[in-house]
Amino acid sequence: MGRLKVSIHKCSGYESEELDKAINMCMNDIGGFEELLSESTKILLKPNLLSIAEPEKAVTTNPVFIEAVIRKILSVNGNNPKAITLADSSIPIVPFSKKGLKELYEKTKMHYLADKYGINLNYDNNVKKISIPEGITVKSIEVMKVVPDSDLIINLPKFKTHNLTIFTGAVKNMFGIIPGMAKPGYHTRFFKFEMFCNLLIDIATGVRQGLNIMDAVTGMEGNGPGKSGIPREMGLVIAGYDCFAVDNAASNIIGLDEDSSPVMKVAKKRNLRGAFLENIDIAGEKIEDVFIDDFLFPETRKTDLPDNFFANAIKRFATNSLNPYPYIDFIKCTNCKTCFEVCPEKAITDRNLEKNNLIFDYRKCIRCFCCSEACPEGAIEHRYSFLGDLIINRYGLRRNK
Ligand code: SF4
Ligand code: SF4
């Protein structure tokens, strides 16, 4: 079995020339588009369209980045835009309906890709069941119909932090193929963190992407992946055929190696090749040359206690008492109730009548942070209890800074 390839190239901004150059160099390093597609290949572009957010918020894959990929595809598929469809399913509060998708495409500026190049934007809200025979968590899932109807998936993730999985890139981006309201159900079903990571891995391995090209030109740090995160200039494009290899290389750039990235750790247990840096040839920039040593991780970054009786007892206790919990900043909150709608556990109530504000029921809360991801105002913070703060932060059990 050949070695895996990932290419990393610098890209100083979203100007067309810069993007074309960086994407071309990446593709030359890993093997090019020509091998992957012909004129009739039905291509699905799968960006990260997490929520209704303007491109400059860095919540979504930048449309200009996608435009550069489209230019490249058109140059090798006989200039056939009708073979290209762009699709994603957003957070559950954005209905997976024609109206909801229209608003999503307009705000994220995807509509201009259709206007300018004539590609298709997906408005088909049908779902189709696909089987994942090797899955550990699920043996089949219902996904956007356009996914199995395509011949080639080009995954276009955004480099971001994630308050549940620390980092989100190519692997987690595939969770978006599950339409709208079905997503919270998976959070509830797989509330144990390792099982949720296994679910992400089942989806990413069960629905093979032909290619992954990551928008790390402007990434996101802090309490991502929604509007609570902070855009971070990174100036990189990262590409490869294997989504685990791409994420492994990408997260090493911010000092999150395969033993500290939660998804990669689980992928390693499953012996997936891309989860081992030793299996990857990196072309273009070396990781150490583009390393970012002051990257801001989410507050929710988990503790990493050893696997022994004492530590396991602490871990059980930690879920409720030591891990951070969501907390509303009422100065920023507009009482839009988006968090109330998306919470898979119905752990947010509007019974705080005195102030007409929302409150959390922390006994029900599974710390999935979907509320924070969805909040349009970035008003949901992460806090530690007094004990959690003492043990996790002050006594140094938290691994990063
Ligand atoms: S916390 Fe955010 S999502 Fe929840 S009501 Fe306030 S503004 Fe809306
Ligand atoms: S309150 Fe927020 S973190 Fe807790 S279960 Fe609901 S969505 Fe998840």
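The values are calculated or read from the model by the stated rules, or taken from the named source; none is laboratory data. It should be emphasised that the depicted structure is a prediction, and the values quoted were computed from it without experimental measurement. Cβ: placed from backbone, ideal geometry, glycine included. Neighbour counts: every protein chain shown.
Counting only strands (runs of 3 or more DSSP E) that sit wholly inside the range 125-233, those with at least 2 residues that are under 21 Å from T60 (Cα atoms) are 140-144, 152-156, 160-162, 166-168, 211-222. Against the definition (within 19 Å of P184 (Cα to Cα) and either of a type in the set (S, T, Y) or modelled with pLDDT of 95 or more (or both)), how does M144 come out, yes or no? For M144, the condition - within 19 Å of P184 (Cα to Cα) and either of a type in the set (S, T, Y) or modelled with pLDDT of 95 or more (or both) - is met.
Residues in the range 149-164 that are farther than 13 Å from G210 by Cα and touching a strand residue (DSSP E or B) at 6+ places or on another chain (Cβ under 7 Å): 7 in all. Looking only at the range 25-43, count every residue that is modelled with pLDDT of 95 or more and over 15 Å from I154 (Cα atoms) and tell me the total. Matching residues across the range 25-43 total 3. Checking each residue in the range 184-198 for being away from ligand 1 (no atom under 16 Å from the Cβ) and either in contact with a helix residue (DSSP H, G or I) (Cβ under 7 Å, 6 or more places away or on another chain) or aromatic (F, W, Y) (or both) picks out Y186, H187, F190, F191, F193, E194, F196, C197, N198.
Go through N80, N24 for me and flag whichever is under 25 Å from K145 (Cβ atoms), surrounded by fewer than 24 Cβ atoms within 10 Å (Cβ to Cβ) and touching a helix residue (DSSP H, G or I) at 6+ places or on another chain (Cβ under 8 Å). Result of the check over N80, N24: N80. Among the residues of the range 180-198, some residue qualifies, meaning at least one is under 24 Å from F96 (Cα atoms) and of a type in the set (A, V, I, L, M). Residue pairs whose Cβ atoms lie under 6 Å apart, separated by 6 or more positions or on different chains, with the first residue in the range 333-353 and more than 7 Å from ligand 1 (Cβ to nearest atom) and the second assigned to a loop (DSSP other than H, G, I, E, B) and of a type in the set (K, R), are E345/K364; A347/K364.
Filtered by the rule that a residue be in contact with a Lys or Arg (Cβ under 7 Å, 6 or more places away or on another chain) and either buried (at least 24 other Cβ atoms within 10 Å of the Cβ) or within 15 Å of M110 (Cβ to Cβ) (or both), the range 31-57 gives N48, I52, A53, E54, P55, K57.
Yes or no, residue by residue, for (1) of a type outside the set (D, E, K, R); (2) modelled with pLDDT of 95 or more; (3) within 15 Å of the chain's Cα centre (by Cα):
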site: E221; (1), (2), (3): no, yes, yes
site: F244; (1), (2), (3): yes, yes, yes
site: K269; (1), (2), (3): no, yes, no
site: N279; (1), (2), (3): yes, yes, no
